[in-house]
Structure formats: C-alpha cells, structure tokens
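The values are calculated or read from the model by the stated rules, or taken from the named source; none is laboratory data. For clarity, every value in this text was computed on a predicted model and none was experimentally measured. Cβ placement follows ideal geometry from the backbone for every residue including glycine, while neighbour counts extend to all protein chains displayed. Just the protein is used for accessible areas: all its heavy atoms, side chains included, with ligands, DNA and RNA removed. Shrake-Rupley method; radii C 1.70, N 1.55, O 1.52, S 1.80 Å.
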Amino acid sequence: MTAKSWSPIAKTLAGILRFKMGKGRPIFATYDVTSRCNMKCTYCGWWKKDTPELSSRDALRVIDQACQLGISFINLCGGEPMMREDLIALAKRASTYGCVVGLNTNGTLLNSDRASRISDAFDVVTVSLDGPEEIHEKGRRVKGSFKRALDGIKLLRSKGVRTGASVVLSPWNIEALPEFVERLRNLVAFVTVQPIHPYPPPSQNRPSSPAIERVVGYLLRLKRENPKFISVPTSFINGFKSFFEATATKICHAGELYMAIDPTGKLKPCAARHDIILGNIFNTSIGEMLSSRWRNPDWDKVLGCEGCWLGCTVGISMWMKASIKEAISIFSL
C-alpha cells in the first residue's frame, strides 16, 4: 500500500473519531468546478445556468482550502467538469494533499489523450449513465451520447483508471435497470445507484411499488455477491422504497461529514441544496464558516430541509455506520 493509500485512511479514521466525539468536520467535499455542460439533461438544471466560474488561480485556492481542512475525498463535478481546460491541474493539486480525487463526468468528451492525462491525475472516475441507449439518450437529448459515454469508459479502463457508472433510478429506467446493470458488470469496476430527486418525490417521479421492490431485491442480491461492485451501502439501497413513498427518515450530516463548493467559490453545507449558502471562501475561510454555521441565517434552511437520498450525503452518513467489511471497500482504489 502506497503512502497516498494510507493518507485517506488515516484522515478518515480521524474524521470518524471526531464525528463520534461530536466534533465533526467534513471528510468528503464536492467541488462543482463549472456550470457549463455539453448535455441538456431533462432532470438537471446546470446547463440552463450562466454561472461565472473561477480562474485557475482562484480554483486552486478552493482546492487548497478544502484539502487543508483535512478531507479524505474530493469529487470534481459540474456541469461537465471536462469543459475546464485546467481540470488536470486542479486534480493534481488535490492529490498533493493525499486526498482520493474523483471525477464525475458524462464521459462524452473523452479521447485517448484526455484519458491518459486523467489517469495521471484522478484516482477514480464515475460516468453518468441512465440506462440502455434509448432511455439514456431520451434523458440526455443528445444523439450518440450513449455510445460516446461507453467509448469513454473503455478508454479510461484501457489507461488503468478505476472507472464506474452512476445511475439515477427513475420510473423511466427502473424496469430496465437489472438487465442494464448486468451489462455493466463486464464494463465498469463499480456502479452507484441513487433515486431521482427532489424529495419528497412528485407523483411523476414515483415508480410503482412492485417495480421498486424488484429492483431493490436485485441490487441487494448483487451487493451480497459483490460488495465492491455496488458501491453504496446496503442500508442506502434499503431506503429506496421509503424514499419513493415519501416516508424516508431524514439523515443529515451537512457541514459535519460532507460539504460542497459551487463554481463561484461559495460554500454549501451539502451538494443537495443549491439555495443554501454559508458564505464565500474568498471572504471567510471554510473552517470559520463551518464552525459558525449555527449563527448563519441560512442554516435554518438545513434544519427545515425534508431530506434527500444522495450517495454524497446520506450515502456518506450510512457508510460511516456500515460494517467494517462493507466500509473498507471504499478504499479499494
């Protein structure tokens, strides 16, 4: 095991200890490096925004502040993060702090050269896929995007990048999901599945109860067979039914276990709520904003939030309580 491999483990163990002592500090950060995107997905609003983004110099300052806080993992997201020309430089800066550096992408902008550079900078890459070609492209509204995403995954794997797929569970793909995930077993190293948001789900976002039970049963069986392949906790999967029935218990450790940063450098307590801003890191340090969050008027929105069921929020909370065998799989990079 390399020195870098030990670093996130040590940081995470320290984070768990702080959390147990009631002195929680994030171990996971999401940084949306841009709002620009080459897709126009039906369930995502990033592409509709005209949000400014930071210069390379200021974006590196974001990375510095987040990593100096002692986080173990940082995900560079968007929008489509590959639309930033300095993406590799940002990832390499985070890597110098001993963080596990992840990339969330639609995979369509990859070529051999980019895949090679990503392999030098990122520990793990997650490509968004919504289901088989027809379902995927109906949601993405870009012809050929499915094949380009698959080709991108193959390029990354050929360069030795640990590459997975992220699937958003919805009424439009739930029946096809088991067969689709089986197809992915020979293509990717892992799959993460989370329900379509927001919460509580509007009626058009709710699959039938029998369909939910079938897919949950399938995912749980696959999780037992190959815990590392389904990369969300068992308890997270078990919660899909209550999520879609709008009876899910709120599980929230925003600002304690995870945090998020928007393209302009504003700090959010989590990635689920774009309307809750704790401040801007160029005015106040992340540490100061988190330690004084209870005095921030926007924090009332966190307390009044009805909850979510995302891998980067609830999934992190549940992972902290998972069995050692299940939890340790996250370090298998």
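Brief remarks on what is shown
- Size of region 124-266 from its Cα atoms: along the principal axes, largest to smallest, the extents are 42, 41, 34 Å.
- Over the residues of the chain, the helix contribution to mean residue ellipticity at 222 nm works out to -11500 deg cm²/dmol, using -39500 (n - 2.57) for each DSSP H run of at least 4.
- Per the chain, cysteines lacking a partner by the 4.7 Å Cβ criterion: Cys37, Cys67, Cys77, Cys99, Cys252, Cys270, Cys305, Cys308, Cys312
- In order along region 262-267, phi translates into HN-Hα couplings of 8, x, 9, x, 7, 8 Hz, rounded to whole numbers, per the Karplus curve 6.51 cos²θ - 1.76 cosθ + 1.60 with θ = phi - 60° and x for Gly and Pro.
- Using all pairs of distinct alpha-carbon atoms, the Kirkwood hydrodynamic radius of the chain works out to 20.1 angstrom.
- At R0 = 25 Å, FRET efficiency that the Cβ-Cβ distance of Asp300 and Glu245 yields, to 0.05: 0.40
- Here the contact order of region 30-163, divided by its residue count and restricted to Cα pairs under 8 Å and six or more residues apart, works out to 25 percent.
- Extents of region 70-110, taken as max minus min of Cα coordinates on every principal axis and listed largest first, are 31, 15, 14 Å.
- A simple rule links phi to the HN-Hα coupling: the Karplus curve 6.51 cos²θ - 1.76 cosθ + 1.60 with θ = phi - 60°, which for region 229-245 gives 6, 8, 8, 10, x, 4, 5, 5, 5, 4, x, 4, 5, 5, 4, 5, 8 Hz, with x for Gly and Pro.
- Normalising the average separation of contacting C-alpha pairs (under 8 angstrom, six or more residues apart) by the number of residues puts the relative contact order of the chain at 18 percent.
- Label point at Lys49 placed 7 Å out along Cα→Cβ; residues across region 261-302 whose backbone nitrogen lies under 16 Å: 261-281
- Evaluated over region 45-194, the Cα radius of gyration and Dmax, each in Å: 15.8, 46
- Per residue, the accessible area of the chain comes to 44 Å² when a 1.4 Å probe rolls over the protein heavy atoms.
- Taking amide hydrogens as placed 1.01 Å from N in the peptide plane, the amide H of Thr192 sits under 5 Å from those of Ala165, Ser166, Val167, Ser231, each at least 5 positions away in sequence or on another chain.
- Derived scalar couplings ³J(HN,Hα) [region 184-195; Karplus, 6.51 cos²θ - 1.76 cosθ + 1.60; whole Hz; x for Gly, Pro]: 6, 4, 9, 10, 10, 7, 7, 10, 10, 10, 9, x
- Lys40 sits with roughly 110 Å² accessible to a 1.4 Å probe, with DNA, RNA and ligands left out of the calculation.
- Residue among Arg93, Arg224, Arg61 with the largest mean-square fluctuation in a Gaussian network model of the chain, springs linking Cα atoms under 10 Å: Arg224
- Comparing Gln194, Gln65, Gln204 in a Gaussian network model of the chain, where Cα atoms under 10 Å apart are tied by springs, the biggest mean-square fluctuation is seen for Gln204.
- Each principal axis of the Cα atoms in region 175-333 has its own extent, and those three values, largest first, are 49, 39, 27 angstrom.
- Only Cα sites of region 124-207 enter the Debye sum here, all with the same form factor; the resulting log10 I(q)/I(0) across q = 0.20, 0.23 1/Å is -0.92, -1.14, listed in q order.
- Counting DSSP beta bridges with both ends in the chain, the antiparallel % (nearest 5): 10 percent
- Residue of Leu222, Leu278, Leu303 that the Gaussian network model of the chain assigns the largest fluctuation, springs spanning Cα pairs under 10 Å: Leu303
- For Arg162, the residues 5 or more places off, or on other chains, whose built amide H falls under 5 Å of its own are Val125.
- For region 170-215, diffusion coefficient by Stokes-Einstein and Kirkwood Rh (Cα), 4 °C, 1.567 mPa s, µm²/s: 110 µm²/s
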